[in-house]
Amino acid sequence: MIYWIQRYVVYLFPAVTAAFVIHYIYKYLLSTSKPRSILDLISSERRFEFPGVFHPDKADVIPILLLTLSYAAIAFWNLGDMQDPQTFYRFTRESPSIIVDIGEVRQVSTIVHYTGNFHSDSGYTLETSADGATWTRQEDLRQDHAKTFHWFFNRFEDGPVEIRYLKITAQRTPMELGELVLLDPQGRRIPSDGFEMTSGADLLFDEWELMPEKSTYLNSTYFDEIYHARTAYEHIHGIRPYENTHPPLGKIFISLGIRLFGMTPFGWRFIGTLLGVLMVPIMYIFIKSLFGMRLTAVLGTLLFTFDFMHYVQTRIATIDTYGVFFTILMYYFMYRFISTGFTDRAFRQLVPLALCGISFGLGIASKWTAFYAAAGLVVLYAIYIVLQGRKLHREGLTRHFVKRFALIVFVSIVFFVAVPAAIYYLSYIPYAKGMGEPLSLSLVWENQVSMFKYHAGIEAEHSYASRWWMWIFDIRPILYYLEYPADGYRVSFGAFLNPLVCWGGLGAIIALLWRQISRRGDGLGLFILIGYAAQLVPWMFISRITFAYHYFPSMVFLVLALCYTINGYIKEIPRGKYYAYGLCGAGIALFALFFPVLTGLTVPDWYGRMFLKWFPSWPF
């Protein structure tokens with residue numbers, strides 16, 4: 001009986017979640033799809049009119065602070081170690097080997113090493129000797145491309161080895177090694193005070209106290225941090241960048257955290273996590289600006305804050321966070337722009353447009369996917385111009401429209417072409433330094449061609465790859481980390497959406513689309529639909545390998561679509577706010593349920609089987 005309960009109780013969770021979402025969307029459509037007058041049905045412009053911006057007020061300060069500080073505490077908790085070796089011995093072509101004399105023959109059971117920058121197919125050749133004459137080759141010390149800035153515990157498989165001399169040879173140069181620690185059969189460190197070694201190799205024994213109990217994501221790189229954190233380090237030190245398949249700005253942001261906190265897990269993850277925190281107040285302000293209701297802003301921000309993708313993806317040192325952060329700003333400022341009129345003061349109208357362009361420039365300099373977001377901006381921009389032209393023509397203000405339109409076009413060229421081009425170009429300063437060349441258009445252009453060829457020609461496969469149609473149903477999370485610390489226990493985490501946001505948001509998108517088609521929609525719903533489509537539709541035509549985290553930008557608009565329904569529940573449905581409370585509460589409850597596999601807590605296997613493995617494709 002217990003076996004059957006453990007095996008099948010897990011399926012209750014997706015069933016209940018799906019049932020709640022279906023009922024929530026159905027009731028929303030049923031309650032808000034009231035018959036409209038003939039004039040409303042005939043009129044089409046209402047579906048394209050954008051309401052004014054509702055600015056936050058003093059009463060919003062407290063919820064903004066509470067939401068932001070609460071999330072910050074969770075986001076920075078257990079983010080990563082703040083200490084790792086910072087000094088490295090560099091193996092060069094002239095000096096590819098080091099020899100260490102530990103003073104006397106000692107039994108060594110384990111050699112611990114911390115890798116630095118650069119890599120080879122295997123790493124380092126390790127040879128040991130008891131007398132300095134006869135050498136025995138041991139298993140290589142690993143430092144391949146997937147294991148830079150990473151701790152390794154190398155236990156001799158056949159038991160402790162009698163050692164007085166160590167010889168370590170880099171299999172290619174240059175290579176950087178951060179630390180070496182020798183452990184005796186009892187697991188105790190062999191003091192290095194009396195060691196004699198190749199000149200400069202003492203850097204390998206100066207930070208032994210930083211050795212962890214074991215190698216984990218808390219003290220080492222994982223997933224694509226092996227590319228982006230490493231390249232951020234290279235940008236700081238003027239080294240030829242290893243990762244050159246994305247624009248440099250995202251890695252420059254990562255390098256700011258490294259400059260503040262050192263080349264440590266906390267350091268290389270800090271800025272991304274900080275921007276994940278800053279997304280919270282920005283989303284609150286965005287939602288309040290769209291809907292004008294504090295309760296909608298609070299509930300919508302809670303849904304965003306406790307989405308799984310938002311939490312996991314901003315805590316890993318990759319560049320996706322920066323693209324999403326600036327996408328949010330792009331759409332916020334674009335909405336501020338299209339909510340103004342051509343008869344408003346020019347400054348009030350053009351400042352949001354300029355800030356939108358700057359955000360666009362920062363976005364594309366971080367990751368090319370910001371171009372997808374920009375496609376949606378173009379559509380919104382065009383709709384707005386056409387509507388304003390019609391409006392001013394009816395009012396006899398055609399000449400004013402032409403003058404203002406010319407000014408808008410000029411500002412658009414400056415802030416959507418010239419400024420982004422300058423940001424993009426200048427972001428290559430550390431790249432050029434690492435390449436040993438002056439910054440030039442030809443250098444930047446060569447990298448653009450290389451990036452395009454790389455992404456167009458990817459034919460790799462991955463066990464956790466997924467397609468766009470899987471993202472919209474949360475079918476295939478990407479597993480970032482997996483460890484089995486003891487029998488019957490596991491540590492794991494991955495990126496996917498909170499099912500309530502994923503399924504509920506998709507239902508809300510469908511509801512908005514239906515309202516628009518049936519002439520019950522408005523410009524606000526259209527704004528959300530265009531934003532969502534701009535993030536998702538391009539991926540439908542991309543054949544290269546893709547992953548669940550590519551859906552991260554779309555999640556922003558799933559939340560906004562849910563906010564649209566929340567606003568409808570609160571304003572149009574009696575006691576509807578309790579449905580909104582239920583939606584938000586369920587989202588937070590799911591975040592708590594899945595928290596162990598969002599942050600890497602140790603849990604028993606039965607917890608995953610009973611509560612988390614909703615589908616066979618979920619790796620929990």
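Only the coordinates and a few stated rules stand behind these numbers; no lab work does. Owing to the predicted nature of the structure, the values given are computational and were not obtained by experimental measurement. Cβ: placed from backbone, ideal geometry, glycine included. Neighbour counts: every protein chain shown.
Relative to the longest principal axis of the Cα atoms of the chain, the long axis of helix 576-594 lies at roughly 10 degrees. Converting phi to 3J(HN,Hα) with the Karplus coefficients 6.51, -1.76 and 1.60 and the offset θ = phi - 60°, segment 505-514 yields x, 5, x, 5, 4, 4, 4, 5, 5, 5 Hz in sequence order, with x at every glycine or proline.
Sequentially through segment 528-537, phi angles give Karplus couplings (6.51, -1.76, 1.60; θ = phi - 60°) of 5, 4, 5, x, 5, 5, 4, 7, 9, 4 Hz, Gly and Pro residues having no value and appearing as x. Can you compute the label reach from residue 122? Point 7 Å from Cα along the Cβ direction, backbone N cut-off under 19 Å, restricted to segment 192-222. Under cut-off, by backbone N: nothing.
Estimated from the Cβ-Cβ distance and a Förster radius of 22 angstrom, the FRET efficiency linking residue 518 and residue 18 is about 0.35.
To the nearest ten degrees, helix 370-394 and the longest principal axis of the Cα atoms of the chain are 20 degrees apart. The region of the chain that goes longest without hitting one of the GluC sites (Glu not before Pro) in a DSSP loop, each with at most 10 other Cβ atoms within 10 Å, is 214-458.
Of the trypsin sites (Lys or Arg not before Pro) in segment 460-520, which ones lie in a loop per DSSP and count no more than 14 other C-beta atoms within 10 Å?
On the way: sites: 467, 490, 515, 519, 520; in loops: 467, 519, 520.
Filter output for segment 460-520: 519.
Once the other residues with Cβ under 11 Å from the Cβ of residue 183 are scored (Lys, Arg +1; Asp, Glu -1), what is the net sum? Show your work: numbers first, answer last.
On the way: positive: 106, 155, 188, 189; negative: 184.
Summing Lys/Arg as +1 and Asp/Glu as -1 gives +3.
Could you tell me which trypsin sites (Lys or Arg not before Pro) in segment 336-393 are loop residues by DSSP with no more than 11 other beta carbons within 10 angstrom of their beta carbon? Mind dumping the intermediate values first?
Working: sites: 336, 345, 348, 367, 390, 391; in loops: 345, 367.
For trypsin sites (Lys or Arg not before Pro) across segment 336-393 that sit outside H, G, I, E and B with at most 11 neighbouring Cβ atoms in 10 Å, the list reads 345.
Distance between the pseudo-spin-label points of residue 146 and residue 343 (7 Å out from Cα toward the beta carbon): 6.5 nm. Tilt of helix 346-364 relative to the longest C-alpha principal axis of the chain, in degrees (0 to 90, nearest 10)? It works out to around 30 degrees. Here the sum of -39500 (n - 2.57) over DSSP H runs of 4 or more residues, divided by the residues of the chain, equals -16500 deg cm²/dmol at 222 nm, to the nearest 500.
Within 13 Å, Cβ to Cβ, of residue 109, how many net charges do the neighbouring residues add up to if Lys/Arg are +1 and Asp/Glu are -1? Don't jump to the answer; show the numbers that get you there.
Details: positive: 106, 155, 188, 189; negative: 157, 158, 162, 184.
Spelling it out: positives minus negatives among the neighbours equals 0.
With just the Cα atoms defining each centre, how far is segment 450-494 from segment 206-226? Give it in Å. That distance is 22 Å. Placing +1 on the Cβ of every Lys and Arg and -1 on the Cβ of every Asp and Glu, with nothing else charged, gives segment 89-210 a dipole about its Cα centre of roughly 280 debye. Note on Rg and Dmax of the Cα atoms in Å: of the candidates [x] 28.0, 99; [y] 29.2, 92; [z] 35.5, 121, the value calculated from this structure sits at [x].
Based only on Cα atoms, what mean projected area does the convex hull of segment 89-210 have, in nm²? Each step should come with its number before you reach the end.
Details: hull surface 27.5 nm².
Result: a mean projected hull area of 6.9 nm².
Can you sort 563, 584 by how many other beta carbons sit within 10 Å, fewest first? Mind showing how you got there, number by number?
On the way: 563 29, 584 20.
Going from sparsest to densest Cβ surroundings: 584, 563.
Couplings 3J(HN,Hα) for segment 287-297, derived from phi with the Karplus relation 6.51 cos²θ - 1.76 cosθ + 1.60 (θ = phi - 60°), are 5, 5, 5, 6, 10, x, 10, 4, 5, 4, 5 Hz, where x marks Gly and Pro. Were the residues from residue 452 through residue 537 laid out at 0.36 nm apart, the gain over their Cα-Cα distance would be 28.7 nm.
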